[in-house]
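Derivation of every value follows stated rules applied to the coordinates shown; laboratory data play no part. None of these values were measured; they are calculated from a predicted model. So basically every Cβ, Gly included, is an ideal-geometry build from the backbone, and we count neighbours across all protein chains shown.
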Amino acid sequence: MTQFKSKLPNNFDLPRRINRLSELSYNLWWVWNPMAQRLFNRIDNNLWEQVNHNPIRWLRTIPRPVLNAAAQDPMYLELYDRVFADFDAYLKRADPWFGATHPQQQKQIAYFSMEFGLHETLPIYSGGLGVLSGDHLKETSDIGLPLVGVGLLYTEGYFSQRISEDGWQEAINNPLVFADLPLLPVLKDDGKELTIQVDFPDGPVLARIWEVRIGRTPLYLMDTNMDVNNPMVRQLTTRLYWSDVNLRIMQEVVLGVGGVRALRALGFNPSAWHMNEGHAAFMTLERAREVVKTGKTFDEAINQTKANNVFTTHTPVPAGNDEFPLWLIDKYLASLWPELGLTRDQFADLARHQQNWGETFSMPVLALKYSNGRNAVSELHGVVSRDMWKELWPGYTADEVPITYVTNGVHTSTWMARRIRVLYEKHFGADWLEHLDDFEMWEKMDSIQPQELWAVRSHLKRKLALYVQERARQRWMKGGFHPVQVIASGAMLDPYVLTIGFARRFATYKRASLVTSEFERLLNIINQPNRPVQIIFSGKSHPADEPGKMLIQEVYRSVKKAENGGRIVFIEDYDMNLARYLVQGVDIWMNTPRRPNEASGTSGMKAAVNGALNFSVLDGWWREAYNGDNGWAIGPDAELDEKVQDEADAESLYETLEKQIIPLYYNDRDVNDVPLKWVQRMKESMRTITPQFSTRRMLKEYVERLYLPAISKS
Ligand SMILES: *Cc1c(COP(=O)(O)O)cnc(C)c1O
């Protein structure tokens, strides 16, 4: 098991009987354990909401007399003792899946990612890639895999979103207060910060290292915002994904090269090295450099190290595939060529990629060429990726290109509503989570009574509606908000109406405006007096993505129209907190990507875990999950011309809503007003999707198919 490298601070003045709250606040284990959250929100839920579910801020703010009272309250202490018994048992358990199935395997795995979405209080993620990385680390801890995460700590995090009255996205950047976050500085024996160095043309750059504890798994984040660095360099880790190419390439050098150095400085010696997306691909070169230094040639070094490298590609969309013009490579990596024993041209050849506008150095090419393990993130994405990269394997047909796939999953206990967990505990047994990916267990779904499940779903939808209304109220009270925006943010949501959610990054290929494309027809659908429908939109665009922001504006125009009766709404500032409310509360989760651009998608899995039904284009994960009875498909299972596809998908969307979804929801209700056929479909969805599209199943595949083969070559 991995050892943590930082020391826990002793910075809260807590009553002795409950002083381990401090330790708990610095381990994100509480994020996926509702009982642990109860330790905070049971005492002061209002404060818990105010501090955005941040236990460290909560502990700093709560008055001492309140804690003294809790330390005297037998009920509270019973809860406290139970949570810490669970926590200790979790940390010490000797036989989670990995230890039980591979008892001799002690070698470490390194996992590099540009973003990690662990919780809303640590906004160092922008979307699906980050949330997947976060879920990966949580599951790693659950199954007891000896893995360490490596990433960057952004001093401002990802932006907060405001929508102006005319629908334009405004980005607000606020510095994060590190002292309020579960970030532990890694110090040397002399008490000074442990730092690593990376060389740039203007001189060396230092980065310090922070530890985040995720159950048993550590994550190390590098940050260059140090006095010794020049102002430009200090900015490097201010924000995610700088559009400025200079800052961007420097970020990726810090992540890839600096990340390897950080692991060495921390005393890790991983035997498998996983790059989650191409941003970290410079890691391959730093690892080769280490071996060249021992006297090997570059070819020997790269062949030796590539055997332990694993690369996951996440998108077929060009904007998601990083490449740099060669002049940038000359500028920032010139000092590396001689250290690798290469000339400038040989170096450029490592990842040369011909674009119609010129030659580039492509990060996915670098990662694909110098990793022996390569995977896409769904079956269809595997097909697309093999075709897309076949030029790298001359003489191979697309089918033969050695890129496999491991379909994404979600960390079930992070995303599943507590009430659903309680249902499963009752019907499947207290240890059901241990058997999460045991398909036989899920056959017990039938023992859950429709009323029982429907009551939970109705509760979750009410919770969502009340939350959205309260959010609109708070936003209104803050000022600078036009009355129409209050309605546009969901003030008139009805907790008893069929509710559709559409929330994700606003990128054009996701076609957020497909559902509003025939607006009159949509209005007619949603405004039926006896069977109304609500649609909730949410999502950010990258600040430099003008077409994405225009798409938000287009959707917002429909949202603001009085004729929709306040039933089409847009909620600002999509993040993991809002995502939880949405995936737990809506009836339908809709996704309309232009096929085959959605590599996998994960939010629909989160929704399914909570009993929402997916209604999506047969792209990414949904193409594998859809079985005809566990949700609905939009459009055909085929690729068509863009325009033809848009029209066919819109027609299919409206028709399926009118003829299938709405009648199934509102018709045939039993004496208790439960839509039995709908509930049956929910059960089919929960039963088939929860085990298969979990990080439990996903991590086991990574272990068996990618990590263990990489380790065996070390
Ligand atoms: C899950 C999640 C995503 C990814 O959703 P997709 O289905 O991949 O679009 C993005 N943002 C947040 C906040 C999420 O929780």
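For this structure, a couple of remarks:
- When peptides 538-548, 165-175, 637-647 are ranked by their average number of other Cβ atoms within 10 Å per residue, the highest-first order is 538-548, 165-175, 637-647.
- Residues 416, 576, ranked from the fewest to the most other C-beta atoms within 10 Å, line up as 576, 416.
- For the range 467-566, the alpha carbon positions stretch 42, 35, 20 Å along the principal axes, listed from largest to smallest.
- Both radii come from the Cα set of the range 272-340: Rg as radius of gyration, Rh as Kirkwood radius; their ratio Rg/Rh reads 1.01.
- Each residue, residue 459 and residue 264, gets one label point 7 Å from its Cα in the Cβ direction; the gap between the two is 5.4 nm.
- Mean Cβ count within 10 Å, highest first, over the residues of peptides 372-380, 93-101: 372-380, 93-101
- Over the chain: helical MRE at 222 nm, DSSP H runs n ≥ 4 each giving -39500 (n - 2.57), nearest 500: -12000 deg cm²/dmol
- Fully extending the segment from residue 470 to residue 81, taken as 0.36 nm per residue of separation minus the present Cα-Cα distance, adds 136.6 nm.
- A DSSP coil position with no more than 13 other Cβ atoms inside 10 Å describes the following chymotrypsin sites (Phe, Trp or Tyr not before Pro) in the range 473-518: 496.
- Checking every one of the trypsin sites (Lys or Arg not before Pro) in the range 260-333 against DSSP loop status and a limit of 14 other Cβ atoms within 10 Å picks out 293.
- Straightening the chain between residue 670 and residue 330 buys 115.3 nm, computed as 0.36 nm per residue apart minus the Cα-Cα spacing.
- When the alpha carbon gyration tensor of the range 366-511 is reduced to an equivalent ellipsoid, its three semi-axes come out at 41, 29, 13 angstrom, largest first.
- Magnitude of the charge dipole for the chain, about its Cα centre and with charges confined to Cβ atoms of Lys, Arg (+1) and Asp, Glu (-1), is about 1800 debye.
- Residue 434-residue 94 FRET efficiency (beta carbon distance; Förster radius 22 Å; 0.05 resolution): 0.95
- Sorted by Cβ density within 10 Å, fewest first, the residues 401, 422, 497: 422, 497, 401
- Taking the Cα centre of the range 13-92 as reference, the dipole from Cβ charges on Lys and Arg (+1) and Asp and Glu (-1) amounts to some 140 debye.
- Sites residue 708 and residue 344, calculated FRET efficiency, Cβ-Cβ separation with R0 30 Å, nearest 0.05: 0.20
- Cβ-to-Cβ counts within 10 Å put 473, 567 in ascending order as 473, 567, the fewest first.
- With a cut-off of 18 Å on the backbone N, the residues of the range 479-493 near the modelled label site 7 Å out from residue 561 along Cα-Cβ are 484-485, 487-490.
- With eigenvalues of the C-alpha gyration tensor scaled by 5 and rooted, the chain, Å: 39, 32, 26
- Chymotrypsin sites (Phe, Trp or Tyr not before Pro) within the range 288-375: DSSP coil, no more than 15 neighbouring Cβ in 10 Å: 357
- Two-site FRET efficiency, residue 659 against residue 627, from Cβ-Cβ distance with R₀ of 25 Å, rounded to 0.05: 0.80
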